[in-house]
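Here's the structure we're looking at; comments come further down.
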Amino acid sequence: PWWSNYEDRPQTGIDVDSNGNPFIIYRDINANLSFVRHNGKNWIGGEISENAFCSYCSLVLDKSDTPHIASTGAAGGAGEDLLYFTIKNGKWVSEAVDTSASVGLENDIAVDAKGLFISPIGLGMIGL
């Protein structure tokens, strides 16, 4: 099967919006970061980025149901960078949070009243 080519590590993230509908991010068959969400009637999805590996990708929805994603990827086309993705004006946008030699594969993301926080696991929180 196609999934046998992937390493055994979390390659998905899930959260539930304010209406109880799921929002899922995942590594697709082409190894791109993609999403699917349910709007209460239908499933809607698509590609977020070709440059994100979605190895230990993390997802959180804010109080406005806007997705915030942390993922390992290649901001400049190579290497392991910590990337941040969200939707602004109806389009996916990205930002390189950390482009040091290797940020590792694991990360976590959280949002609260004070802001958005992204953490490469074991390296401390980065506030945006």
Residue by residue through segment 36-55, note down the ones that are assigned to a loop (DSSP other than H, G, I, E, B) and modelled with pLDDT of 90 or more. ASN39, GLY40, LYS41, ASN42
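Taking into account only those residues within segment 20-44 that are among the small types (Gly, Ala, Ser) and surrounded by fewer than 16 Cβ atoms within 10 Å (Cβ to Cβ), which is farthest from the chain's Cα centre (by Cα)?
So, considering only residues that are among the small types (Gly, Ala, Ser) and surrounded by fewer than 16 Cβ atoms within 10 Å (Cβ to Cβ), the one farthest from the chain's Cα centre (by Cα) is GLY40.
The values are calculated or read from the model by the stated rules, or taken from the named source; none is laboratory data. Keep in mind that what you see is a predicted model, and the values were worked out from it rather than measured. Don't worry about glycine lacking a Cβ; one is built from the backbone with ideal geometry, like all the others, and counts go over all protein chains shown.
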